[in-house]
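Following: one structure in structure tokens, then a few remarks.
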Amino acid sequence: MDSKFGRQWIMKRKKQWLAFQLLAKMCYSIAVVTLALAIVSYAIPTPYWTYPLACLAAFAILVYATGILKVGDKEITSMLDVRFPQLQHSSALLLQPPTLLNSLGRLQAGRLQQRLPDLDSRHFVNHRSLYKPLLSLFLAGALSVIIIQHAEKQENVVPVESGLPMKSMPDQPDRAAALSDVAVVIQPPTYTGLGKRLQNELSITAPIGSSIDIQVATSAALKQVSLVVDGSEETPFSAKQGDSLQWSVSFRPQKSSYYQLSLDGERSALYPLELTPDLPVSIQVRNPIPYTVIDFGFPEVVTLDVSLTDDYGIKHAEIMATISSGKGEGVSFKSQQIALTNDIHVGKTAKIKREIDLKRLGMAAGDELYFYVKANDNSGQESRSDVFVVVLQDTSELFNMSGLVTGVDLVPEYFRSQRQIIIDTEKLISEMDTLTTIRAQQRSNDLGIDQQLLRLRYGQFLGEEAEDAIGGHAGHDHEHQGLGHLPQEELVSHSKLRAWQNHDPNHEGHENHAHEFERGETTEVPVDIETLIAEMSHQHDRAEDATFFDAEQKAHLKATLTEMWNTELRLRTYKPREALPYAYKALRLLKELQQKSRAYVGKANTKTTPLNLEKRLTADLDEINGSESTHDWPTDHAAEKTRQQLSLTLAYLSNLNVVQELDGPGASLLNDAERSIMAAAGDEPGKYLNALKALRLLKDRQTAPSEAQLALIEHAIHDLLETRNEQPTKKRPVAKQDIYQIYFDQITPR
Amino acid sequence: MELSQIFFLFMALLALGFIYLNEKRHESPVPLAVRLLAGALAVGALLGLVFPLSYPTTSETATPQTDFLIFTRGTPEEMLRTSTNSTRRATTDTTIAQRYNIPFVRDWPTFIEHHRQAPFAIHGYGIVESQLNALDGRAVTFHPAPIPSGFVSCDWVPVLQAATRLSVNGQYHNTTAGDVKIILLSASIPVDSFSITEQGIQPFNLSHMPKQTGNTLFELAAISGIDTIQFERLPVSITPPRPLEVAMLAAAPSFEYKFITNWFEQLHYQITSRIRISSGKFSTSRINGAKLRMGDYLAPGALDDVDLLIADDTELAALSSAEHTHLNRAIQMGMGLIIRLNDHTNRSPLSRRFVLTNAADTTQTKITLTANDDRQVLPPLPTSHPLYTIKDSDVLHPLFYQGPHIVAATQAHGLGRITGITISNSHTWWLQNQQGAYTRLWSSLVDQTIADRRAPLSYKHTHFPTAYSWMELTLESSPNLQATIDQHPYPMRQHEFLPSVATMRFWPTESGWLSLNVPENDDSWLYIYRTDDWHAARDYASMARNEYFFKQRKEGQNGISEEKEENPKKPLPNWALFIAFLTGSAILWYASKDYNRNVI
């Protein structure tokens, strides 16, 4: 065997060992660099090209520090001796030339060379030695990914500070060519409770009062970058630390508009800047109704049911109440504020339900409460509800005769009768303790009969000649007329009573339904379809319609009769105390009916010029002279010209769909239209900005006009032009002498 | 016979004489009779070339003819497929010619001349008018194609003044199973629509107040569900509004005059008003630069330039007879007069043309007016006075009705018109914020009363003219024989009998707007449609024209006794005469060979 074989074998093992070591070091250096740069990029943006450089540097350092490259053949043989006992710690002999060895040395070397082929090199270096470095690399990589992802999340919520990496803006067809990255930070006002928002779009929608920070990165160095609002107002961007690639500007817009970026004088496309207004608190009062009258005997409590809504938050709400007491010159007002803030919980909406005790407010009979709900939102904007009126009925007022004495008394005895019934009922109540039960019931019944007679007489005004229909409660509308709150047994008894009173005992089949009545099988709803149709349809022969009253008066009178019926029912069932509130209500309704029939005209002092009696009836017209005047209708010529240009442009655009080619006059028209749309876009960017963009694209003649593009412009101009009213025109020519033509047509055979 | 022909005849006779003498002197193996015959043939052929000969054709009349099938556009495919090569057929449509390999008729007059005796059977949407006229008395049957689906007719005013409503009326042939919605689009925005719920030909009506000025293309779309079935363009030339010159004569100041004046002022009309404020005393005003001065007396010629006079009947009655004469003359020259009729008594001569009656129901507090032209019902108008109505007559054209009664009507007077109205409180609409009703009433009254003294250019042209097809333009009431279309002059042909009518034909090569300029007239615009525009309407019109033509011809033939035409003569072809001449000459030459031999 060749003596060189041994040396070659050792050199081969050395190369293997070196390769594995370098690979391991490479893994370690990549792991370290990845982890380190991931941590660094958390705070400082790190370009990706730094990664390979850093890896190389780390690798070099590692290799140098570990001294791998310094490992010589002797070190290798030592390692081989350790790993392979078969070498008997004499592998170094194989490196020496045989001539330098003594005989024993040569013998040993010869033996070793024979053993070398049997040695498994995997015992010296194998892939297991790479496990650790690869594991380290994997762990470091995973950690880096987690760190970078976390850093990106932070970017979206935290403000963009100087030097933080900016995400690339999604491709937009019309963005300025030199822009590579864009970041817009919107800081809404504190009171809105909204956090900072970062976006990569240049179309901005923000709450009014927001502070806006636009940061742009350009692909080439620029001298000047500025923000152009509404095509005229220019604000320069400031470069970051002398860097001409990154620019930023902060501003607080006051109104919706559109803007452009000017990059070294070259303007970008238009971007909308829409500010959403902060609306005041919306107040909806569900209860009470605008005018509420609380009658005698009813609880003096008003239930307030309000819902408040705001877009950012409600800060404060209260009821502003004013109580008016007294009459005429003695009227006095007392204002109170009832805070509702406790009912408002944190949020944008609040539902408040509260009972207002009128007695606790110090109201007495006859007093009126005027109140409205006031609310402030977080920005301090105040809003108010309508004014609501609650009146506590004054029973003494109902007995006031002044209206009757001075006014036209249509049916005086009826009003007196209702008052008399109340007086008598009150007297009966006061004497109830001293009377026997039978006597009290008899008096109560008598009063009920009086009430019935009164009701019948009023019913004549509604055309109700038979008692059956009186009061509009002929078994069909108790719910509407105020009996809905009565217990069912009362309704039934009332029904029975009425049915039996109007009953003709001699008619056919009387026996049958007399039993039915006794069984109590009566119904409160009309059962046959004809009755239902009659109720729903318009009938000309209805007695109710054959009166002089209008619909409102009739409804009022019906309500009065219902209350009279309620009084009568309770008087007849010996409950005079319960009947009194209904009697008062009936009286109040009657008074209102009486007041409605009157017209009141306030007195006003007039001073007329005294007549010159000497000139009167002399037919002297000398001093009457004719006049001649000349004037012109004021015309806004500029506006009129703009309108004409726009109407011409609209006509021109309709042809452009077919022609597909912009000519000189058309371009001039589009220039004028651009000015008008630009002005409109300043006020309503959301509505007109796209049209403005389309118009500019069309003017630039970059592409053939598309239908959608033209439609956008046409819509905008159509909206800008107001619709004209019809106007007379000369349609018929005067001198059209077509008689010859007609004659010729007549004599010419066809 | 012309002199030259006599000369030729003489020369021929001389030649014949020479040949006879020459052939008789010589001897030849060719018999003399043959040589003489050959000489006669040669001279005869020569004469035939100078005097064309014809011979009667009898070949086609000898046997009964089958129909010659003419396929035009719209011929059902079934018909085209079943027609075989053996049948005689031709087409006027290039598509049919290419697809079914059917001979295409390039020159219609030659074609019908060639097939003179064959009865034609025309299938499809029919042939054009010039082809119809060229048919003469030929036996033709027309087999119309099924009615095309879509817009089969559509009419609108092609020239509008601004602030005038565009009204589109037409017919749609619905062949779909469902509903079709017709939509009018202005500036790509739907502005009016009409639903067609039934199948068959259904009328539709759309209207819109345009915002455009100038040459505009509106669009008409037929939509079924979400599919657009048809899309057509409506060219309209919208001219700027022309202000009127208005005069007013009021017997007393009133709100009615105040509101009319205000409205006319806003429209930039020149208004001169004279309001009587006392006996013989007037208040006059001139608005928007009106030039007319109306003093206490209406001078002759004062109203010559006035388009419209609005006057109270009472004030007209107070005019002197001389003023009446001037007023009469102005109306007869074309001025419009609106008389506010308000009384039975003390009526002016002009207002007596309207017979007034009391309305039957004088207690009503609100009146509802209905327009006569489009039956539009205006909102109720409160009234506190008894309403007079106008009695109908043959010379009246009612404008507005209250129930069955006429409250506004117009009638002609010379070249002008007189309109009477009995409503005196139309301004109440304005107070009730119903300006639309007010402007509708007064626009209609003024439109029907006034006339344009400067007559616009009146012309007619081919319906839906398209590029690459002849367009015929007829100018009416124009003595000019020179028109310019898109700056290219075109000569006009004056009508045979009507000197003011001139026609021209031209061949547009591209679609779009073309300017039409006729001297002493304003510029007008023509729109040339694309070849695929309004297909259904053009086909339907062609079919109707063909049907009408053949129907009329049939009625005419029934009335006139049929004239039997003699067998037509066909000219003898020149080549045959030439061959005959050569043959004759050749025989004579062959015979002359022997002559030379004899001469030694």
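Please treat every number below as a calculation from the coordinates, not as lab data. Computed from a predicted model, the values in this text were never measured in an experiment. Don't worry about glycine lacking a Cβ; one is built from the backbone with ideal geometry, like all the others, and counts go over all protein chains shown.
Rounded, prolate or oblate: which one fits chain B, using the alpha carbon gyration tensor with axes a ≥ b ≥ c (rounded when a/c is under 1.5, else prolate when a/b beats b/c, else oblate)?
The shape class here is prolate.
Remark on A:T292: its backbone amide H falls under 5 Å from those of A:V389, A:V390, A:V391, a criterion applied only to residues 5 or more positions apart or on other chains, H modelled at 1.01 Å from N.
Counting other Cβ atoms within 10 Å as a rough exposure proxy, the listed residues B:T419, A:T341, A:T609, B:T197 run A:T609, B:T197, A:T341, B:T419 from fewest neighbours to most.
Which entries in A:K255/A:K693; B:K258/B:K391; A:K240/A:K693; A:K641/A:K687; A:K334/A:K374 show an alpha-carbon gap greater than 27 Å? Check vs 27 Å cut-off fails for B:K258/B:K391; A:K240/A:K693.
Measuring between their Cα centroids, segment A:11-86 and segment A:314-386 lie 82 Å from each other.
Please report A:L695, A:L670 as a ranked list, fewest other C-beta atoms within 10 angstrom at the top and most at the bottom. Before the final figure, lay out each step's value.
Working: A:L695 25, A:L670 20.
Ascending number of Cβ neighbours within 10 Å: A:L670, A:L695.
Could you work out how much longer the chain between B:R329 and B:F255 gets when fully extended? Use 0.36 nm per residue separation minus the Cα distance between them, nm to one decimal. It would help to have the intermediate numbers written out before the result.
Details: separation 74, 0.36 × 74 = 26.64 nm, distance 2.98 nm.
Net length gain for the segment: 23.7 nm.
Taking θ as phi - 60° and the Karplus parameters 6.51, -1.76 and 1.60, the scalar couplings of segment A:417-425 work out to 4, 5, 5, 4, 4, 5, 4, 5, 5 Hz in sequence order, x denoting glycine and proline. The fewest-to-most ranking of B:M294, B:M335, A:M678 by surrounding Cβ atoms within 10 Å reads A:M678, B:M294, B:M335.
Using only the Cα atoms of segment B:331-455, build the gyration tensor, take square roots of its eigenvalues as a ≥ b ≥ c, and label the shape rounded, prolate or oblate: rounded if a/c is under 1.5, else prolate if a/b is larger than b/c, else oblate.
Details: a/c = 1.88, a/b = 1.29, b/c = 1.46.
Oblate, because a/c is 1.5 or more while a/b does not exceed b/c.
Averaged over peptide B:187-194, the number of partner chain Cβ atoms lying within 10 Å of each residue's Cβ comes to 4. The modelled label-to-label distance between A:D264 and B:H488, using points 7 Å beyond Cα along the C-beta direction, is 5.1 nm. Values of log10 I(q)/I(0) for segment B:253-358 across q = 0.16, 0.18 Å⁻¹ run -0.75, -0.97, by the Debye formula with one identical scatterer at each alpha carbon and no solvent.
Size descriptor for segment A:3-139, Kirkwood hydrodynamic radius: 17.3 Å (Cα pairs only, one decimal).
Shown in residue order for segment A:665-671 are the 3J(HN,Hα) couplings computed by the Karplus curve 6.51 cos²θ - 1.76 cosθ + 1.60 at θ = phi - 60°: x, x, 5, 5, 5, 5, 4 Hz (x for Gly and Pro).
Within straight-line reach of A:K132, meaning a Cα separation under 25 Å, sit the following lysines at least 8 residues removed in sequence or on another chain: A:K12, A:K14, A:K15, A:K25, A:K70. Neighbours of B:Q448 by Cβ distance under 10 Å: Lys/Arg scored +1, Asp/Glu scored -1, total +1.
Averaged over its residues, how many other protein chain Cβ atoms are within 10 Å of peptide A:638-647's Cβ atoms? Working shown, then result.
On the way: counts 0, 0, 1, 0, 0, 2, 4, 1, 3, 9.
Mean partner shielding for this stretch: 2.
Proximity of backbone amide H atoms, modeled 1.01 Å from N, is registered between B:T239 and B:L160, B:Q161, B:A162, B:G214 at under 5 Å, excluding neighbours fewer than 5 places apart on the same chain.
To the nearest whole number, what is the average tally of beta carbon atoms from other chains within 10 Å of the beta carbons of peptide B:446-452? Present the calculation step by step, with values, prior to reporting the outcome.
Values: counts 4, 7, 3, 2, 6, 7, 8.
So the per-residue partner count for this stretch is 5.
Screening chain B for whole DSSP H helices with an alpha carbon extent of at least 24 angstrom along the helix axis and a mean Kyte-Doolittle hydropathy of at least -0.5 yields B:3-25, B:32-50, B:574-598.
Using 22 Å as the Cα-Cα cut-off, could you pick out the over-long pairs in A:K731/B:K211; A:K315/A:K351; B:K211/B:K460; A:K607/B:K281?
Values: A:K731/B:K211 19 Å; A:K315/A:K351 14 Å; B:K211/B:K460 27 Å; A:K607/B:K281 30 Å.
Check vs 22 Å cut-off fails for B:K211/B:K460; A:K607/B:K281.
Note that segment A:99-110 has calculated 3J(HN,Hα) couplings of 5, 7, 8, 7, 5, 5, x, 5, 4, 5, 4, x Hz, one per residue in order, obtained from phi through the Karplus relation 6.51 cos²θ - 1.76 cosθ + 1.60 (θ = phi - 60°); glycine and proline are x. The alpha carbon centroids of segment A:630-666 and segment B:381-412 are separated by 41 Å.
Calculate the dipole size of segment A:302-362 relative to its Cα centre from +1 charges on Lys and Arg beta carbons and -1 charges on Asp and Glu beta carbons; express the result in debye to the nearest 20. Kindly include the intermediate steps, with their values, before the conclusion.
Values: 9 positive and 8 negative charges, 32 e Å.
Taking the Cα centre of segment A:302-362 as origin, the dipole is about 160 debye.
Lys and Arg at +1, Asp and Glu at -1: add these up for the other residues within a Cβ distance under 15 Å of B:L36 and post the number. It would help to have the intermediate numbers written out before the result.
Working: positive: B:K24, B:R25, B:R35; negative: B:E23, B:E27.
Net of charged neighbours comes to +1.
The Kirkwood hydrodynamic radius of segment A:19-86, based on inverse pair distances between different Cα atoms, is 13.9 Å.
Charge tally for A:M432 (other residues, Cβ to Cβ under 12 Å; Lys, Arg +1; Asp, Glu -1): +2. Taking 25 Å as the straight-line reach from the Cα of B:K554, the lysines in range (excluding those fewer than 8 positions away in the same chain) are B:K564. Under a 5 Å amide H cut-off, with hydrogens placed 1.01 Å from N, B:V168 pairs with B:L206, B:S207 among residues at least 5 apart or on other chains.
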